1. For the pairs A:Lys149/B:Lys209; B:Lys149/B:Lys209; A:Lys149/A:Lys209; B:Lys209/B:Lys245; A:Lys209/B:Lys149, note any where the Cα-Cα span goes beyond 25 Å.
2. Of the beta bridges DSSP finds with both residues in the stretch B:1-67, what % are antiparallel, to the nearest 5?
3. For the stretch A:41-200, what class follows from the C-alpha gyration tensor (a ≥ b ≥ c being the square roots of its eigenvalues): rounded when a/c is under 1.5, otherwise prolate if a/b is larger than b/c, else oblate?
4. Let me know the volume per residue of the alpha-carbon convex hull for the stretch A:234-311, in Å³.
5. Around A:Leu154, what is the net charge, scoring Lys/Arg as +1 and Asp/Glu as -1 over all other residues with Cβ under 14 Å from its Cβ?
6. Based only on other Cβ atoms within 10 Å, what is the fewest-to-most ordering of A:Arg266, A:Arg216?
7. Using the 7 Å Cα-to-Cβ label point, sort the distances from B:Leu183 to its equivalents in the other copies shortest first and give them in nm to one decimal.
8. Given the rotation relating A and B, tell me which residue in A puts its Cβ closest to the axis and the distance in Å.
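Please treat every number below as a calculation from the coordinates, not as lab data. No experiment lies behind these values; they were computed from the predicted model shown. Positions of Cβ are backbone-derived with ideal geometry, glycine not excepted, and every protein chain shown enters the neighbour counts.
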Protein chains: 2
Amino acid sequence: MQVLILGSGAGGGLPQWNCGCPQCLAARAGRPSVSPRTQSSIAVSADGERWALFNCSPDVRAQLAATPELHPRSLRDATVRAVALSNADIDHAAGLLVLREGGAPPVYCTPRVRRALTEGLRVLPALAAYGEVAVREVTPGEWVTLRDKANEDLGLRARAFTVASKPPPYLAPLLSADEAADLHAGDTVGWCVSAGEGHPSLVYVPGVKVLDEVLRAELAAASLVLIDGTCFTDDEMVELGASTKTAQAMGHAPITGDGGTLDFLRGIEGPRRVLVHLNNTNPVLDEASGAYRVVRDAGVEVARAGARFTG
Amino acid sequence: MQVLILGSGAGGGLPQWNCGCPQCLAARAGRPSVSPRTQSSIAVSADGERWALFNCSPDVRAQLAATPELHPRSLRDATVRAVALSNADIDHAAGLLVLREGGAPPVYCTPRVRRALTEGLRVLPALAAYGEVAVREVTPGEWVTLRDKANEDLGLRARAFTVASKPPPYLAPLLSADEAADLHAGDTVGWCVSAGEGHPSLVYVPGVKVLDEVLRAELAAASLVLIDGTCFTDDEMVELGASTKTAQAMGHAPITGDGGTLDFLRGIEGPRRVLVHLNNTNPVLDEASGAYRVVRDAGVEVARAGARFTG
């Protein structure tokens, strides 16, 4: 199984269009220690030919253009054969609109994510105008075999698991109070992916607010963990003056602090552990920073676009 | 008035994710005569500080990152102060979702385009969840002063004019037969822009199916014309085997042939004339091609991303 990091930035990427924080300035200036980041998405393949995306960011066009493994090999060739979504956030799902040419690939998501992309943003109904789109609902906890448009097995099995999460801001106004308050409604899931039983497995969790025992068990059993590294400190955006919201309030456990991601990962030594979904305000984006050293010293990696993992 | 070409590609850009046509292959291979193209959008400014986008493509993040004039100058700084839309096509409007951080800029569009982005794709209601978005409806034929969020005059006047057009595919199913059949309902407009009466003017028409006398008068009065150059020949995509649709069927007058764009522009010698919205199948994208020479010999230019015009 091959895993490619297409984008390791959070919503807005690095640089973010309207942001002048230190990392955005450094990325624009081309400082070698700060690599630009497109928005959060990975590509996974069992055979190196047919790929499944996990999340589909608005940057997907540039991401695919920059990734030779995903270039078409004939006049019209969709190397992206399926898309699985961890949630319906704009940075994770709006790129589906970019894949409309020739009809978008099948979409694997929870019923709640489907609802967000049907009633909230109407990405799925809009795509249907360009060609039939198979939306394949998944039930957290159950394995599915990923299949292309023609229903052919891609050689990948995937299992979504629920993480505590909130609906995307654009869906919230359409939900009842009870629906909005249910943190386990499937607004966000993590994905466990492998080429089959007994094969190494990937756990991909680009957004997680609560680091609980269910998640610990998922990570401990994996060969490769790609996990939410949005903010280094909980109040990093407030401190900077870029937002009034903490990382937790935006639905992301911070990397540091009591019960932060580094603490949590300390007990999970088996898998290779890599931070993804990095917000532009996060100092770990600068490989010359103290924050970066703290993460590396804990044996944890910081994802860059173009990073490749085989397992 | 400064005009920057942010993107001169049609929907899908160059290369297009699933396309292996000669121009897409050349762009991926880095052939010097074929520059990659992001999707269709321009930026206009009267003072070089505050910009209005005309169209907002899904590539807007990369476009702004690549354009120093549009980089933020403080911690949070939206140099894009307004967005005017020529239609609600995904390649022209989906990028609004990318500008959600801090609340999207005011959007100038026809009532029909607003309807498409409210009922069809729900981009506008979704954006409202991230901060108030001023949607300013325009009436074709009437001048408006472009203003930022705080209602400050950007020093630019703009006038939309109707061109014969069809609704975007995703809106069509929501329209009555009469509504869908009306080619002048404001689904697509051209824009005439200037810094004030007596100043040079830009006419921007990235999509036009019928080259009529109304358009001729608009172009003849302009200093700079940026006009639809989607396809070189009407049957170019059919010929290549990439589509069953002609340029005309997709709502675009071809560059060549009787009554094509080059013929039409022959009688309009005053303004600088530049082709934009170039489809990946269009051979003019290769500056070593005979097609490119035909266009240049007619005194017409082919836009590249990053091209700058002052007037």
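1. Violating the 25 Å Cα-Cα cut-off are A:Lys149/B:Lys209; B:Lys149/B:Lys209; A:Lys149/A:Lys209; A:Lys209/B:Lys149.
2. Details: 9 of 10 bridges.
Of those bridges, close to 90 percent are antiparallel.
3. Values: a/c = 1.99, a/b = 1.34, b/c = 1.48.
Because a/c hits 1.5 or more and a/b fails to exceed b/c, the stretch A:41-200 counts as oblate.
4. Dividing the Cα hull volume of the stretch A:234-311 by its residues yields 108 Å³.
5. Values: positive: A:Arg50, A:Arg81, A:Arg136, A:Arg147, A:Lys149, A:Arg157; negative: A:Asp47, A:Glu49, A:Asp148, A:Glu152, A:Asp153.
Taking every Cβ under 14 Å from that of A:Leu154, the sum is +1.
6. A:Arg266, A:Arg216
7. 5.8
8. A:Arg122, 2
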